Each structure stands twice: as C-alpha cells, then as structure tokens.
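One structure is given below, encoded as structure tokens.
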Amino acid sequence: MSPTADDRAVEDHAKGRIITDAPLSRPVPVALRFDPEATPATVRFVFPGNIEWSFPRALLETGMRAPTRRGDIGVWPCGRVQTVVEFHTTDGVAVVQFDTTALLRFLKHTYAVTASIAP
C-alpha cells in the first residue's frame, strides 16, 4: 500500500520569538508546513491568526548558513544556534528568531518525505 498525500505532508511546530525594540521579545508558536504534492519546493510558516508565509525551501536552507533574501523574506544566521526570518509587508516588518535546531529538524523531515516519493 503506498502512502497517501496526507501521509507525505510535513507539519512541525516551533517557537519563534518576535523581535521588537521593546526590552523583551514575545514568544509565538509557528506551524512549519511542507506539502510535496501541492508545492514541492515551498515551505509555509503559519502564525497565530492563520497568517501564512510561503517561500522557497532553498531560501530557508541557504539563509541558515549565510544571509539571503528573496522578495519580501530575508533569512540569516544569528550566532551559532539561532536563525532570523524577516517578513516584509506594506504595514511594516516582522522579525522572528528561531532555534536553528527546530528549523534543521523541519528541513530534514521535508527532505525525507521528498526522498520517499522520488521515482
């Protein structure tokens, strides 16, 4: 029996920290999603309120090693254990910091799923 499309979709969860000019940052839960059937090269970050950002998986992977930007999304390493993702809108900029290990785990899951459906 072959896996269904739902079996191949990846959803991990991570805690991000919204970085502002206030003295304390705010934690925010983020659903990290990947669906190789619908959008094979795209990851989605879903924030509370069903606010969703989609961008190339390669942008996330590259940005964890060196600063990179594509359109309204920037990703860069912050020290040895953190990664920053910056989201630009017409209303402003949201800067969210993640533990790099959570993002690496998510990427590992996306590549494992992709490898399992390769012809």
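The values are calculated or read from the model by the stated rules, or taken from the named source; none is laboratory data. This structure is a prediction, so every number in the text was calculated from the model and none was measured. Counting neighbours? That spans all protein chains shown, and the Cβs are built from the backbone with ideal geometry, glycine included. These area figures cover heavy atoms from the full protein model, side chains too; ligands, DNA and RNA do not enter into them. Shrake-Rupley method; radii C 1.70, N 1.55, O 1.52, S 1.80 Å.
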Members of segment 64-119 found to be hydroxyl-bearing (Ser, Thr, Tyr) and touching a helix residue (DSSP H, G or I) at 6+ places or on another chain (Cβ under 8 Å), listed by number: 68, 83, 110, 116
Some residue of segment 34-41 being closer than 15 Å to residue 111 by Cα, under 12 Å from the mean Cα position of the chain (by Cα), open to solvent by less than 60 Å² (accessible area, probe 1.4 Å) and at pLDDT 95 or above: yes
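Given the criterion of a type in the set (Asp, Glu), open to solvent by 40 Å² or more (accessible area, probe 1.4 Å) and in contact (Cβ under 8 Å) with a residue 40 or more places away in the chain, identify the matching residue among 72, 99, 21, 12.
On the way: 72 fails: in contact (Cβ under 8 Å) with a residue 40 or more places away in the chain; 21 fails: in contact (Cβ under 8 Å) with a residue 40 or more places away in the chain; 12 fails: open to solvent by 40 Å² or more (accessible area, probe 1.4 Å).
Residue meeting the stated conditions: 99.
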Segment 79-96, residues that are surrounded by fewer than 15 Cβ atoms within 10 Å (Cβ to Cβ) and part of a strand (DSSP E or B): 88, 89, 92, 93
Segment 42-54, subset over 17 Å from residue 92 (Cβ atoms) and out of contact with any Asp or Glu (no Cβ under 9 Å at 6 or more places or on another chain), residue surrounded by the fewest Cβ atoms within 10 Å (Cβ to Cβ): 50
